[in-house]
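As C-alpha cells, the structure follows; a few thoughts come after it.
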Amino acid sequence: MRAIVNTQYGPPEVVKLMEIDKPVPKDNEVQIMVYATTVNRTDCGFRSAEYFISRFFSGLFRPKNKILGNEFAGEISATGKNVTTFHVGDKVFGYNDTKFGAHAEYMTMAEKDAITTMPDNLTFAEAAPICEGGHYALCDIRAAKVKSGQNVLINGASGAIGSAAVQLVKYLGAQVTAVCDTKNIELMKSLGADLVIDYTKQDFTKTDQSFDFIFDAVGKSSFAQCKKLLNKKGIYISTELGKNSANIFLALTTPVFGGRKVLFPIPTISKTDVIFLKELVETRRYKPLIDRKYSLEQIVEAYKYVEKGQKTGNVVITLTELIIKNTGS
Ligand SMILES: NC(=O)c1ccc[n+]([C@@H]2O[C@H](COP(=O)([O-])OP(=O)(O)OC[C@H]3O[C@@H](n4cnc5c(N)ncnc54)[C@H](OP(=O)(O)O)[C@@H]3O)[C@@H](O)[C@H]2O)c1
C-alpha cells in the first residue's frame, strides 16, 4: 500500500511517500481502507516533537508511530476473528491518536475504540475532519460545564478547535462571542456566533463584556489578560501551555481559591464521543469546516500550510477520489 512514513522528527520534509505492507488486523481489530484523512496540529506536534515532553509519549529519539494521521473516513476492508460490530464494507469514520496510521491506504484499530459508522449526510472528505477539533472542543467545553444562558468567548474561533467549539457551545444554548480576523466574520455568524470581534481591529481583552468561560482555542492570550473579563466563578482554558507552561501551574493552583480559575483538561476520546459528534452532524448542529484539500502525494505542502497556524477549520487529504464520488454518500 501507499503510506506516508516518518522515521525521524523534524520539518514537513521528513515524511516520505513509500510502498509498504498493509497492516494486518489483530483478533480484536478492524482494517480500514482510508478514503480521506486530515493533516492537523496533532500530526504536526507528533511529527516535529517541538515540545520535547511529547517524546515521552511518541518515542524519545525517533517516532514510535511511523505513520501519522489520526482522523479518517473510509470502509472496513477486513476484520479480526473476534470482531462482532463491524463487517467488511461498512463505511466508517473516527479518530486514533494512540497508534495513528491514517496517512496510508489502509490502517487498523481496535473495534472498541473511537470508530463508528459514517453519518448519512456527509461525504468521506467531509466526515474525516469531524473528530480532532471536535473532541478537543468537547473536552474543554465539558470541563467548563457550559450551560444554556452562559456567556462564552472563543478566541481562535476560525481554527479546527475554535470552529467546532462555536458550534458545540451554541448547541448547548450559550451565547458565543467569536474572535477571528476580518475575512472570517460572516463565517462565524453562519456557525451561530452571536457577536464577533475582529482581532485585527480590536483587542478582545479590552472588551467591557464579561464571560462565564473564555476558551482560547488558539492559545494566544494569558489568564492574566483575561481574568478581568471573567465573572466571579469564570473559567479560562487555553489550548497552549502558555509562557513558561504557566497554564499547567495555574490549573493546579487557581482552583484552590474558589474564584476565577484556569483549567487544563487532558483530552480524551471514546467511541461514545464519536457517536455523539456523529449525532450532532446528522442533526445539522455540527459540521467541520474544510479549508483546503490535498492528495497523499502533496502531504508535505499540506503540512507546511497547516503549520502556518492560519487554516480556517481543517485540511483534508483525499486518497480515493473515485470511490468517494461513486459511493454517493
Ligand atoms: N501540540 C498538539 O498536539 C496540538 C494538537 C492540537 C492543537 N494544538 C494547539 O491548539 C491550537 C488550535 O489548533 P487548531 O488546529 O484549532 O488551529 P488552526 O486550525 O491551526 O487555526 C488557528 C486559527 O486561529 C486563527 N488565529 C491566528 N492568530 C490569531 C489570533 N491572534 N487571534 C485570533 N485568531 C487567530 C487563524 O486564522 P487567521 O490567521 O486567519 O486569523 C486560524 O484560523 C493551536 O495553538 C495548536 O498548536 C496543539
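Tabulated data for the structure shown
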item	result
For the chain, calculated [θ]222 nm from helices alone, where every DSSP H run of n ≥ 4 adds -39500 (n - 2.57)	-7500 deg cm²/dmol
Carbon + sulfur, % of accessible area of region 133-221 - ligands and nucleic acids excluded, 1.4 Å	50
Tilt relative to the chain, helix 271-282 - C-alpha long axis, 0 to 90 degrees, to 10	80
Probe 1.4 Å, accessible area per residue of region 142-195, Å²	38
FRET efficiency for ILE185 and PHE249, using Cβ-Cβ distance with R0 set to 30 Å, rounded to 0.05	0.30
Global form of region 170-276, assessed from the alpha-carbon gyration tensor, a/c cut-off 1.5	oblate
Distance violations [Cα-Cα > 31 Å] among LYS81/LYS287; LYS16/LYS201; LYS228/LYS278; LYS170/LYS233	LYS81/LYS287; LYS16/LYS201; LYS228/LYS278
Inter-part distance where region 121-173 and region 196-264 are each reduced to a Cα centre, Å	17
Prolate/oblate/rounded label for region 234-329 (Cα gyration tensor, a/c 1.5)	oblate
Among beta bridges that DSSP assigns inside the chain, antiparallel share in %, nearest 5	55
Order by protection proxy (mean Cβ within 10 Å, highest first), peptides 42-49, 262-269	42-49, 262-269
Prolate/oblate/rounded call for region 48-149, Cα gyration tensor, a/c under 1.5 rounded	oblate
Packing-based ranking, highest mean first, of 78-88, 282-292 given that Cβ atoms within 10 Å are counted	282-292, 78-88
Per residue value of the accessible surface for region 211-329 (all protein chains in place, 1.4 Å probe), Å²	53
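The values are calculated or read from the model by the stated rules, or taken from the named source; none is laboratory data. Since the model is a prediction, treat every value here as computed from it, not as a measurement. Because the Cβ atoms are built from the backbone with ideal geometry, glycine has one as well, and the counts that use them run over all protein chains shown. Side chains included, ligands, DNA and RNA excluded: accessible areas come from the protein's heavy atoms. Shrake-Rupley method; radii C 1.70, N 1.55, O 1.52, S 1.80 Å.
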